[in-house]
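Single-structure report; data block below.
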Amino acid sequence: METLIGGVTSFLVFHLTSHPKSRIGKKVPHAKIKRVQFLPHLRIEAKNKILHIHHWMLFAPIYLFVQAKGSGILQSDLLNGFLIGGILQGLMYKDSLKIIHSAAKPFERQGYTPYPVRLLKKLF
């Protein structure tokens, strides 16, 4: 049950903060040092390209590490659910597998895939 609660919570948090039309996401402060933006997204500028690290790309290796080596609080069902929910929500974007963007037009309307069927088609 804790896994489900963590997953739903994570999914909703990331949906409300990272969805392109989200009012909450627009209020997240921007944090940038030189060519590296930390908030609201992790982006690294290099010449005429932008490397965009999606949150699911950060959560996937953390989840694998937790499953392989985690002990104590790292093995909590709530944390596992939170990581799984964040990964699934991040994969629902059309550009979820695109890492490198052009600096000239970096993030045109990428779109959000609201249907799990499209997500499964993308993965398989």
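Enumerate the amide H contacts of residue 42 below 5 Å, restricted to partners 5 or more residues apart or on another chain; note that Pro and chain-start residues carry no placed amide H.
Here the answer is 53, since their amide H atoms fall under 5 Å of that of residue 42.
Roughly how many nanometres apart are two label points built 7 Å out from the Cα toward the Cβ at residue 44 and residue 103?
1.5 nm
Going by average Cβ neighbours within 10 Å, how do the peptides 87-98, 54-65, 15-26 rank, with the highest at the top?
So the peptides 87-98, 54-65, 15-26, ranked by packing, come out 87-98, 54-65, 15-26.
State the extension gain, in nm to one decimal, for the chain segment bounded by residue 58 and residue 73, taking 0.36 nm per residue of separation less the distance between their alpha-carbons.
Full extension of this stretch gives 3.5 nm more.
Which order do 28, 66 fall in if you start with the one that has the fewest other Cβ atoms within 10 Å?
Result, fewest neighbours first: 28, 66.
Any read-out appearing in this document is the output of simple, stated calculations on the displayed coordinates, not a laboratory observation. Only a predicted model underlies this, so the values are computations on that prediction, with no experimental measurement involved. Backbone-built Cβ (ideal geometry, glycine too); neighbour counts: all protein chains shown.
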